[in-house]
Amino acid sequence: MYTQTLILNQTYNPHEVVDWKDAVTAMFKGAVEVLIQYDAVLVHIDRHSLLTFPELARALRQVIGTDAEELTIKVPAVAVLRRRLSATKSGAKFSKLNVCLRDDFRRQYCSARLPMSELNYDHVIPRARGGKTEWENIVMTCFACNQHKGMKTVTEAGMRLLKVPTRPAVLPMRGPVIDYRRAPPKWEPFIAQVA
Ligand SMILES: [Zn+2]
């Protein structure tokens, strides 16, 4: 069974991936509208029960937006946010995710894009030589480049940085990094492969 729900922003681009239980909660709070469901049924309420519990029927119909005579709630596969998000976020805190966002998930020596799990911190000035773990001294890199650079500086290692790391004033809001090989087929219309 698939256990994750893809949440889209209002322009139908991936915003985040959440546990389906959180998606159901968001649905009942009115924060998201479910677009596509998986096949697994969470609850089925037949016509008789809906007639017996009109209040429940009304509440459910309001959330689900249907006037069908029976209700079936399935595990949500894709949902869209009802509110608009701003395109950037400010007050960038130093974290691996935020450094990845600043560096556009690109390895700063060999330039290809990778999912966050395959990117590592590289200290531009090596830690052993006094380099600190801060915005101005950290870039994202792959394991191979990291090993190659070792305790050398960028110049000593004969490497080149894509750009000089700085503390960003704002970060771009980017969608989640999705593992395409393992993404549910129902997400396909909404996820574009990142080259
Ligand atoms: Zn690399």
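No value in this document is a laboratory result; all are computed from the given coordinates. Note that this is a predicted model, so its numbers are computed, not measured. Here the Cβ positions follow ideal geometry from the backbone for every residue, glycine too, while neighbour counts run over all protein chains shown.
Where a ≥ b ≥ c are the square roots of the eigenvalues of the C-alpha gyration tensor, would you call region 136-195 rounded, which needs a/c under 1.5, or, failing that, prolate if a/b is larger than b/c, or oblate? Taking the square roots of the gyration eigenvalues as a ≥ b ≥ c, region 136-195 is oblate. With N as its number of residues, the chain has a Cα radius of gyration that, divided by 2.2 N^0.38 Å, comes to 1.38.
3J(HN,Hα) couplings calculated from phi for region 133-150 with the Karplus curve 6.51 cos²θ - 1.76 cosθ + 1.60 (θ = phi - 60°) are, in sequence order, 8, 8, 3, 7, 10, 10, 10, 8, 8, 8, 4, 4, 5, 4, 5, 4, 6, x Hz; Gly and Pro show x. For region 4-81, dividing the convex hull volume of the Cα atoms by the residue count gives 81 Å³ per residue. Multiplying the residue separation of THR25 and GLU118 by 0.36 nm and subtracting their alpha-carbon distance yields 30.3 nm.
Using the Cβ-Cβ distance between VAL164 and THR72 with R0 = 45 Å, the FRET efficiency computed as 1/(1 + (r/R0)^6) comes to roughly 0.20.
For region 4-81, the dipole from Cβ point charges (+1 on Lys and Arg, -1 on Asp and Glu) about the Cα centre works out to 100 debye, to the nearest 20. For the chain, lysine pairs with C-alpha atoms less than 16 angstrom apart, excluding pairs fewer than eight positions apart on the same chain, total 6.
Its convex hull of Cα atoms gives region 90-172 a direction-averaged projected area, equal to a quarter of the hull surface, of 5.0 nm². Using a cutoff of 8 angstrom between alpha carbon atoms and counting only pairs six or more residues apart, the relative contact order for region 4-81 works out to 47 percent.
On a 0 to 90° scale, report how tilted helix 54-64 is relative to the longest principal axis of the chain, with both axes built from alpha carbons and the result rounded to the nearest 10. Relative to the chain, helix 54-64 is tipped by roughly 30 degrees.
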